[in-house]
Amino acid sequence: NAGVMQNPRHLVRRRGQEARLRCSPMKGHSHVYWYRQLPEEGLKFMVYLQKENIIDESGMPKERFSAEFPKEGPSILRIQQVVRGDSAAYFCASSPGLAENEQFFGPGTRLTVL
Amino acid sequence: AQSVTQPDIHITVSEGASLELRCNYSYGATPYLFWYVQSPGQGLQLLLKYFSGDTLVQGIKGFEAEFKRSQSSFNLRKPSVHWSDAAEYFCAVGNQAGTALIFGKGTTLSVSS
């Protein structure tokens, strides 16, 4: 059973470009979470999705950021018109959504904005 | 406000020595508590978790943690540290299984020979 997969692992963008980060949850997991880790900081929650639904986006910046988890395919975190402050590691986690479950983390995507 | 505090940014211990990493939380509801470990350039791996029941929980790689409600703490311990334990350790809290986690800023562990 493959773990949570994220791609790309490293992404370089110039200011103003778009960044698309993909996350494939573990098999059988229907809940996906996105977190951002800035240098020397802990992980900060961004958004929580279930299939075709955004459950909690309280940690998502109001502009330029969006997320989706379609019925088929991976979850996508999209950042439009990237700025240098978006440079960070973005982690995806998945869970089966059952009681007392844990979140399984992917290896992360390290975004660098030039 | 809900928060997790890891007071120690960086700790160095000798190989074979005991280890305790501190974690304090502020949470309005019954906390679900976790410790994760992150090696450089890698994702997070769960070491152990506490939901309810016995306040001393055992995890992988010989780690354990004790939940102390009166002190709002969930400290991580290991009796004998190995060089491979060098990594960054994160404490996290959630209000119920399946919701977003709040992480501390992490403690970097270095192991000296």
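The values are calculated or read from the model by the stated rules, or taken from the named source; none is laboratory data. From a predicted model like this one, the values you see are computed outputs, not experimental measurements. Quick reminder, even Gly has a Cβ in these numbers, built from the backbone with ideal geometry, and neighbours come from all protein chains shown. Only protein heavy atoms, including side chains, enter the accessible area calculation; ligands, DNA and RNA are left aside. Shrake-Rupley method; radii C 1.70, N 1.55, O 1.52, S 1.80 Å.
Mind checking which of A:P74, A:P25, A:P39 has the largest fluctuation in a GNM of chain A, springs on alpha carbons under 10 Å?
Most flexible of the set in this elastic network: A:P39.
What is the sum of charges, Lys and Arg at +1 and Asp and Glu at -1, for the other residues whose Cβ falls under 11 Å from the Cβ of B:D8?
+1
From the P(r) of the stretch B:63-113, can you give the percent of Cα pairs sitting at distances over 17 Å?
Summing the P(r) of the stretch B:63-113 above 17 Å gives 49 percent of all pairs.
Regarding the stretch B:1-64, what's the average projected area of the Cα-atom convex hull, expressed in nm²?
5.7
Name the residue from B:P40, A:Q17, B:F103 whose Cα lies farthest towards the positive end of the charge dipole of the protein assembly as shown, charges +1 on Cβ of Lys and Arg and -1 on Cβ of Asp and Glu.
So the residue furthest toward the plus end is A:Q17.
Which lysines, if any, have their Cα less than 29 Å from the Cα of B:K49, not counting same-chain residues under 8 positions apart?
Straight-line reach from B:K49, under 29 Å: A:K27, A:K44, A:K51, B:K61, B:K68, B:K78, B:K105.
Between A:S66 and B:H10, what is the spin-label point distance in nm, taking each point 7 Å from the Cα along the Cα→C-beta axis?
Between A:S66 and B:H10, the simple spin-label model gives 4.3 nm.
Label the stretch A:1-54 by shape, choosing from rounded, prolate and oblate, from the square roots a ≥ b ≥ c of the eigenvalues of the Cα gyration tensor; if a/c is under 1.5 it is rounded, and otherwise prolate applies when a/b is larger than b/c, oblate when it is not. Intermediate values should be presented prior to the final figure.
Working: a/c = 1.67, a/b = 1.52, b/c = 1.10.
Cα axes put the stretch A:1-54 in the prolate bin.
Compute the whole-percent fraction of alpha carbon pairs in the protein assembly as shown spaced more than 30 Å apart. Intermediate results must be reported in sequence, preceding the final value.
Values: 6284 of 25651 pairs.
Summing the P(r) tail past 30 Å for the protein assembly as shown gives 24 percent.
Assigning unit charges at the beta carbon (Lys, Arg +1; Asp, Glu -1) and nothing else, what dipole magnitude in debye, to the nearest 20, does chain A show about its Cα centre?
Roughly 580 debye, rounded to the nearest 20.
Going by the alpha-carbon gyration tensor, a ≥ b ≥ c the square roots of its eigenvalues, is chain A rounded (a/c under 1.5) or, if a/c is not under 1.5, prolate (a/b greater than b/c) versus oblate? Please list the in-between numbers first.
Details: a/c = 1.72, a/b = 1.63, b/c = 1.06.
Prolate, since a/c reaches 1.5 and a/b exceeds b/c.
Could you check how much of the accessible area of chain B is carbon and sulfur, as a whole percent, using a 1.4 Å probe?
Its accessible area is 47 percent carbon and sulfur atoms.
Could you tally the net charge around A:V47, taking each other residue with its Cβ under 9 Å from the Cβ of A:V47, Lys/Arg +1 and Asp/Glu -1? Kindly include the intermediate steps, with their values, before the conclusion.
Working: positive: none; negative: A:D56, A:E57.
It works out to a net charge of -2.
Once the principal axes of the Cα atoms of chain B are found, what is the range along each, listed largest first in whole angstroms?
42, 29, 22
Could you check how much of the accessible area of the stretch A:40-97 is carbon and sulfur, as a whole percent, using a 1.4 Å probe?
About 42 percent, which is the carbon plus sulfur part of the accessible surface.
What does the charge dipole of the protein assembly as shown about its Cα centre add up to, to the nearest 20 debye, if the Cβ of each Lys and Arg holds +1 and the Cβ of each Asp and Glu holds -1?
Computed about the Cα centre, the dipole is about 700 debye.
Could you compute the longest span of chain A free of trypsin sites (Lys or Arg not before Pro) located in DSSP loops and having at most 14 other Cβ atoms within 10 Å, not counting the site residues?
A:72-114
Rounded to the nearest 100 Å², what's the accessible area chains B and A bury against each other, both chains counted, probe 1.4 Å?
That pair of chains buries around 1600 Å² in total.
What FRET efficiency comes out for the pair A:R20/B:Q45, r = Cβ-Cβ distance, R0 = 25 Å, nearest 0.05?
0.45
Just to confirm, what accessible area per residue do you get for chain B at 1.4 Å probe, in whole Å²?
With the other protein chains kept in place, chain B gives 46 Å² per residue.
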